[in-house]
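**Student:** Below you will find the structure I want to go over with you.
The values are calculated or read from the model by the stated rules, or taken from the named source; none is laboratory data. Fair warning: this is a prediction, and the values are worked out from it, not measured in the lab. Cβ placement follows ideal geometry from the backbone for every residue including glycine, while neighbour counts extend to all protein chains displayed.
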Amino acid sequence: MFSAIALLLASAPRPAAADITSDRVEFASYGRMGIAWTPTGQVIAGKYMNLGQRRAIGGRLEESDYLQPGIRFHLLKPEKEGGTSVDLFSDFEIFSFNGGIVSDLANGDLDDIRIMPLQFYIEAKNVLTPGLTLWVGSNLYRKNDIHICDYFYFNSLSGQGVGAYYGGLDIAVLTQTGAGDFFTHDFNAGLPPPAEPDIVQRQRAMFIGQYKVPFGAGTTYVQGLGEFHVVPKAQDADREAPDDVDPTDWGAVGGVKVHLDLGNDNFSDAAVRVGNRIANGAESGGSTFNTFGLPSDDGTYSGALGIAAVEHFLWNVGNITSINGYGVIHYSRGGTDNDLDVPNDRLDYSFGARATTYLSDQLHLITEGTFQARKDEDLDTGTAVKLAVAPTIVPSGERSSWTRPQIRLIYLIGLFNDAAVDQRMSAYPRTVGDEKVAHFVGARTEWWY
């Protein structure tokens, strides 16, 4: 009987999709994990010493665990050079809400750990005409970053939408439906129920255009950026919000970036970006859709402004050391015509450098120093200095600041002024109390492939 069942199962037809050959699938991953300690004993990994609210513009060595596994499915492989191909990009992100430990073995609270879809999109190359690429789906639509800050600048526009590349032209239409109260209006607020629906959710549409022009030697280029954002008025078939509550609003962005290829993998990137109204996101390195501040009395963000400027460079000194440095400045202002006596603008800036010294092929020494400042309207300027030393094991033996994986032993000290502590500008004093000197000791690994 068992032989007959086995024979029957073996002879049963199988779906063709079950047989996926190895050349159709690739695995990708980014991740970081480790342990951390501070003299006060609290969970401190992931409690940035930086003064920004959105980005780690002052360094990232004290960041939390994060896993990003991904799979690339080659749905259609080109039959010849330059032929049509179709790929499915899929990535997840795994992190813990308590900041530090993502492993269930050490965390013990599964409700604290999140596994989220990050990007899923189809990309078709050489369709309709040679050189044209189309994509549709949820895309980490961003290309410029300062890795030592974990700061994607200039064109960080991750979202869901559709886009195309052709030569130096890059265009996309993206949507955003999150960011809390900015996108929702409660029609029942202050009124007796019922009114259906009580919540109307609004959607931001973003029209993006970029163009890159190469010039000079190597990969040197200049890149332009333009954006237009629009959000409709809160309304449904029977009702609409008052004129001064969630009205139709818009915002525009313009930017330019210059990349200089200096040879020997050295480079200099300089970028500036200006956005207005609802596209004024710039605070602490925020994306343009992270609208800053409060609206004007008419409900729009008239007068709102966001400016971001960045310099990022890498200098390799033979095979002795590599110096990766940056300077960033952001100015953000909310709507200018309102009677609310609350801070509605912010200036923050940061500069620093990481030196990777090659003691041997497999033993590198990372040293890092950063300075950052933040001033909210009518309040004192907060500052922080961070200094770090991290002996690093590099199994590949490659003498490069980009090689991974790395295994690091980290000591980091942060020095805050009174304003930074009193205003709780950093997550560190918000966690441990009124400490002007912060300490972090940890061991961490980081990888990508």
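**Student:** All but one of (1) crowded, with 18+ Cβ neighbours inside 10 Å; (2) of a type outside the set (Asp, Glu); (3) touching a residue at least 24 places away in the same chain (Cβ under 8 Å); (4) outside any strand (DSSP E or B) hold for PRO395; state the number of the condition that does not hold.
**Tutor:** Just one mismatch for PRO395, condition (1).
**Student:** State all residues of the stretch 417-430 that are surrounded by 15 or more Cβ atoms within 10 Å (Cβ to Cβ), without any contact (Cβ under 8 Å) to a residue 60 or more places away in the chain and closer than 19 Å to GLY46 by Cβ; if no residue qualifies, say none.
**Tutor:** Passing the criteria: only PRO429.
**Student:** In the set SER103, SER156, SER85, which member is under 30 Å from HIS312 (Cβ atoms) and hydroxyl-bearing (Ser, Thr, Tyr)?
**Tutor:** Result: SER156 is the single residue among SER103, SER156, SER85 that is under 30 Å from HIS312 (Cβ atoms) and hydroxyl-bearing (Ser, Thr, Tyr).
**Student:** Can you say whether GLY306 is under 24 Å from the mean Cα position of the chain (by Cα) and at positive phi, as far as the supplied structure shows?
**Tutor:** no
**Student:** Can we say GLY131 is modelled with pLDDT of 95 or more, surrounded by fewer than 15 Cβ atoms within 10 Å (Cβ to Cβ) and on the phi > 0 side of the Ramachandran plot?
**Tutor:** yes
**Student:** Quick one: which residue in LEU387, LEU412 is touching a His at 6+ places or on another chain (Cβ under 8 Å) and either modelled with pLDDT under 95 or of a type outside the set (Val, Ile, Thr) (or both)?
**Tutor:** Result: LEU412 is the single residue among LEU387, LEU412 that is touching a His at 6+ places or on another chain (Cβ under 8 Å) and either modelled with pLDDT under 95 or of a type outside the set (Val, Ile, Thr) (or both).
**Student:** Of all residues in the stretch 213-234, which are closer than 30 Å to ARG277 by Cα, more than 23 Å from the chain's Cα centre (by Cα) and surrounded by fewer than 16 Cβ atoms within 10 Å (Cβ to Cβ)?
**Tutor:** The answer is VAL213, PRO232.
**Student:** When you go through GLY352, GLY303 one by one, which is the residue that is in a loop (DSSP other than H, G, I, E, B), touching a residue at least 24 places away in the same chain (Cβ under 8 Å) and not hydrophobic (A, V, I, L, M, F, W, C)?
**Tutor:** Criteria check complete, one pass: GLY303.
**Student:** Return the residue satisfying two criteria in turn: it lies in the stretch 74-107 and is farther than 30 Å from PRO130 by Cβ and in contact with a Gly (Cβ under 7 Å, 6 or more places away or on another chain), and of such residues it is modelled with the lowest pLDDT.
**Tutor:** GLY99
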